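Notes for the one structure printed next.
The values are calculated or read from the model by the stated rules, or taken from the named source; none is laboratory data. Because the structure is a prediction, the values reported are computed rather than measured. Ideal geometry is used to build each Cβ from the backbone, glycine not excepted, and the neighbour counts take in all protein chains shown. The protein model used for the area step is the full one, side chains on, heavy atoms only, and it has no ligands, DNA or RNA in it. Shrake-Rupley method; radii C 1.70, N 1.55, O 1.52, S 1.80 Å.
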Amino acid sequence: MPTPTGIPVTPGKVIAVHVAYESRAAQRGRRPAQPSYFLKATSSLAGSGEVIERPAGTSLLAFEGEIALVIGTPARRISRDEAWSHIAAVTAANDFGLYDLKACDKGSNVRSKSRDGYTPLGPELIPAAEVDPTALRIRTWVNGEVRQDDGTSDSQLIFPLAQIVADLSQHLTLDPGDVILTGTPAGSSVVAPGDTVEVEVTAASATGRTLSSGRLRTEVIEGSGDFDESLGAVPAIDDSLIEDAWGSREEAGLPAEDDAEATVGALSEELREKLLAAPTAGLSAQLRSRGLDNVVIDGVKALVPGTKLVGTAKTLRFVPNREDLFKTHGGGYNAQKRAFDSLAAGEVVVIEARGEPGSGTLGDILALRAKAQGAAGVVTDGGVRDSAEVAGILPVFATAAHPAVLGRRHVPWESDVAVACGNATVLPGDVIVGDDDGVIVIPRDLVEEVVDAALAKEIEDGWVADQVAAGNPIDGLFPPTGEWKSAFESWKSSR
């Protein structure tokens, strides 16, 4: 029975798949090993012909044409072979997302995807019993131009529709009316006020008739942008979110990824040279003068004394070993291997190992992979295996050498999240600098002013050291005040 908004189902819950299409994974450069999900609020549901608001002051509203499955009979712990018999119908959906609000709810998508009207469905239902789940077609148009066109064959989907239903049923009961959004193919991109998006699902029936959901039509309008910062997160974007929203750097109008200065989080060569010249002690002092005391990664030191490390953080998090979790997350193409495989040039792998030295967190193979990717180095508050070999491959700062494999103490869990390494919080993209004094973390928006100030202070400290070495007392000289300050300024201007 249609709801007041005109959608043809009344779900108790809406479950969405993050990535399920081969084309989408290829476009993103990340292919998941297992399906992953998030929930959308039922208050986000809308029908065909309704409008969706892009709040004023935002720019990254992205459409995602999807096939929606409507549960017909309760499903709990069903097999893949049984799964399709629990589906009542198939229809079109549009999984809209406001990427300006994605970073604050990474993974859950609460703010970005559960806004009112952000899940239009319909307009018609295709009886599931009349179609082959491996022979559906999904198309999306923006202002009449086809932007997405894909299908559900085994070669097109990473996870067949039946697998998604069966997998979800292991964890929660799927009730009649519940909706599963099965992921979007390549072609998802950004729309703006004035644009119209249409989505249609079609399939051939057993008798050869073409069955259709009809075109699900949504018009984008501009809405209010009154976000109250005192209550929570407000819109914020970076190049990574822009790329994800548009679907590619080219579509977004961003510079090519092989341009080092354009790469997300990358440091210009000029800035990198400054950081190489600045000691961590001086950088730490400048951060403290700006109110940041907790920026030192405690307990780590270079495998090779005299090592200087500069780069941007690529984060990796381990959780304490638990045998059942290691079985599911420790083997195969796990989070650790995926993180090292996805490194960009100039990045530093920062590993949260909870200060646990009783196991290796990387060895020579991963070090070689990092070097091949152009990584700047690794910082871990855990141990390192094959330490002598690793030391000769790339800069590594760690707490200890240890021969044991990862599974003795750790389960590789996730990457590209905030981590706690050596009692310091590190965010992806933070600037990492290490030398014989240790390793510090610099927020990306402060790095230029901090390094310039640190280098200026190094010049002053060098002049002071020369005066002390010449036999002068430090009173009024360290730091220079009065006549000593005037003498320093005179010397500096004469250089």
Given Gly183, Gly187, Gly194, which one is part of a loop (DSSP other than H, G, I, E, B) and either in contact with a Pro (Cβ under 9 Å, 6 or more places away or on another chain) or among the charged types (D, E, K, R) (or both)?
-> Gly183
Yes or no: Asp381 open to solvent by less than 20 Å² (accessible area, probe 1.4 Å) and either in contact with a Phe, Trp or Tyr (Cβ under 9 Å, 6 or more places away or on another chain) or under 21 Å from Asp435 (Cβ atoms) (or both)?
-> yes
Filtering helices (runs of 4 or more DSSP H) wholly in the range 237-352 for at least 3 residues that are modelled with pLDDT of 90 or more gives 269-277, 280-289, 335-341
Qualifying residue in the range 225-235 (condition: in contact with a helix residue (DSSP H, G or I) (Cβ under 6 Å, 6 or more places away or on another chain) and either of a type in the set (S, T, N, Q) or in the same structural domain as Ala56 (by the TED database) (or both)) = yes
Qualifying position, being among the β-branched types (Val, Ile, Thr), under 30 Å from Ala252 (Cβ atoms) and in contact with a helix residue (DSSP H, G or I) (Cβ under 8 Å, 6 or more places away or on another chain), among Thr73, Thr58 = Thr58
Just a yes or no: is a residue in the range 446-458 within 30 Å of Asn423 (Cα to Cα) and part of a loop (DSSP other than H, G, I, E, B)?
-> yes
When the range 145-158 is examined, which residues are found to be open to solvent by 10 Å² or more (accessible area, probe 1.4 Å), in contact (Cβ under 8 Å) with a residue 24 or more places away in the chain and in a loop (DSSP other than H, G, I, E, B)?
-> Ser155, Gln156, Ile158
